[in-house]
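**Q** Just dropping this structure here.
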């Protein structure tokens, strides 16, 4: 069947203790990959991942170690992931295979004991199993002379199984079960037409979602790119619609934990326009994008009502800047910066966890001898937040972090890796009352098996 193969198997163990107050985390992970080259330029790729991990952390909205009770949530997880990607079918010389079949299976089991958060959240214990199976097919229907048509279909099934007990006060009924069994199947059809004529590229696509128990949802998309005179400047723009079902947790959790079976799917309509300019002599690329998105029935959590709900209309408008510079073959710098305003048009308020400013930067150095270094930075602006024990505080302050990472190819199959997070050991909060991780060092050794 195959002419050659490429194989990979890996095992990793990670443990963290008290990087954030009394929190703990440990994980054992096994992963493997097998890839085969088939006749006529086809390929087969198989992947698997198995992970077992446990965490001791502070519950959401509890105020963390600074404002909460100090009690930890205890969670044990195991995960299984399987993947298949088959590409086949004769194509034009130098082209990709015409057909693609892909499938995936994911299973996540957890056992959790959570302390209460006075006065709104009761203590609870639960065992949950979530499974997702997906099968998809895509084909290049037409190709050549500046015209390409792709079409495909997919089907996805999700299953959730939960056994839980909520420890309410005796005057509210004592222990209450919150068990649920839920599953749903969603089918989808999609097509994309790409037309190139001179310096102009036009993309027209559409997706038809067929969710179980609901009407069909059509999501079209139109994109245009133009490079005047085939030069160094590219103008682009797009407009489209998207559709998203609520999560099982938001739909099926007990009302005491914010579940709402009446949630409607989210619908988003978005548009963007941008310009990108390349300076080949300096190996520099600059870009700017303006975007505007409208969300109807956005699923969000409302602390005042303590439930998941649909926000009738939310608008997000903003600006993105990006830069990439490669002054030397061994040196690359990339950065991006986003400014956005997000508003609930019904209340006029912002939304939790959406910073006005966010950005990142990364410097890559490859001095030789198999060594590579990365220096990266992250910027997160102030954002709205709510924690039950401290209703007087509503904003988590912004922060900036620096990290350092590197790898060294010891031999053909052996690689040493390392990373220092929060290099400057900055004190910051991810949420109100939740301190970010202090400076931490991670080291790893990788051995490659196979081709």
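**Q** Mind checking which strands (runs of 3 or more DSSP E) fall wholly inside region 369-451 and carry at least 1 residues that are over 23 Å from the mean Cα position of the chain (by Cα) and over 21 Å from residue 21 (Cα atoms)?
**A** Details: elements: 371-380, 399-409, 414-421, 429-431, 440-447.
Passing ranges, in order: 371-380, 399-409, 414-421, 440-447.
**Q** For region 60-71, what are the residues that are under 27 Å from the mean Cα position of the chain (by Cα), modelled with pLDDT of 95 or more and part of a loop (DSSP other than H, G, I, E, B)?
**A** Of everything in region 60-71, those that are under 27 Å from the mean Cα position of the chain (by Cα), modelled with pLDDT of 95 or more and part of a loop (DSSP other than H, G, I, E, B) turn out to be 62, 63.
**Q** Quick one: in region 7-53, which of the residues that are over 28 Å from residue 65 (Cα atoms) and surrounded by fewer than 15 Cβ atoms within 10 Å (Cβ to Cβ) is modelled with the highest pLDDT?
**A** Here the answer is 30.
**Q** Also, I was wondering about something else. Please return the ranges of strands (runs of 3 or more DSSP E) entirely within region 84-201 where 2 or more residues are within 28 Å of the chain's Cα centre (by Cα) and surrounded by fewer than 16 Cβ atoms within 10 Å (Cβ to Cβ).
**A** Numbers: elements: 99-114, 124-142, 147-167, 175-177, 180-197.
Strands (runs of 3 or more DSSP E) meeting the threshold: 99-114, 124-142, 147-167, 180-197.
**Q** Hey, any hits in region 210-231 for a residue that's part of a strand (DSSP E or B) and closer than 19 Å to residue 133 by Cα?
**A** Here is the first cut: in region 210-231, the residues part of a strand (DSSP E or B) are 210-211, 217-226.
Subsequent filtering for residues that are closer than 19 Å to residue 133 by Cα retains 210-211.
Yes.
**Q** If you scan region 351-368, which residues turn out to be closer than 30 Å to residue 120 by Cβ and part of a strand (DSSP E or B)?
**A** Within region 351-368, the first condition is being closer than 30 Å to residue 120 by Cβ, and the residues that meet it are 351-356, 358.
Result: 352, 358.
**Q** So, one more: Can you tell me which of 241, 305 is within 26 Å of residue 350 (Cα to Cα) and at pLDDT below 90?
**A** Values: 241 fails: at pLDDT below 90.
Answer to the selection: 305.
**Q** Between 391, 397, which is modelled with pLDDT of 95 or more and farther than 20 Å from residue 323 by Cβ? Even if it seems obvious, please write down each step before you answer.
**A** On the way: 391 fails: modelled with pLDDT of 95 or more.
So the residue among 391, 397 that is modelled with pLDDT of 95 or more and farther than 20 Å from residue 323 by Cβ is 397.
**Q** Answer yes if at least one residue in region 363-375 is at pLDDT 95 or above, surrounded by 14 or more Cβ atoms within 10 Å (Cβ to Cβ) and under 26 Å from residue 237 (Cα atoms), and no otherwise.
**A** No: region 363-375 contains no residue that is at pLDDT 95 or above, surrounded by 14 or more Cβ atoms within 10 Å (Cβ to Cβ) and under 26 Å from residue 237 (Cα atoms).
**Q** Output the number of the condition that residue 352 fails; it satisfies all remaining conditions of (1) modelled with pLDDT of 95 or more; (2) surrounded by 17 or more Cβ atoms within 10 Å (Cβ to Cβ); (3) over 20 Å from residue 324 (Cα atoms).
**A** Unmet condition: (1).
**Q** Just one of 135, 80, 72 is over 30 Å from residue 25 (Cα atoms) and either without any contact (Cβ under 8 Å) to a residue 60 or more places away in the chain or touching a strand residue (DSSP E or B) at 6+ places or on another chain (Cβ under 8 Å) (or both); which is it? I'd like the intermediate steps shown before the answer.
**A** On the way: 80 fails: over 30 Å from residue 25 (Cα atoms); 72 fails: over 30 Å from residue 25 (Cα atoms).
On inspection, the qualifying residue turns out to be 135.
The values are calculated or read from the model by the stated rules, or taken from the named source; none is laboratory data. Predicted model, so just to flag it, every value in this text is computed and none were measured. Quick reminder, even Gly has a Cβ in these numbers, built from the backbone with ideal geometry, and neighbours come from all protein chains shown.
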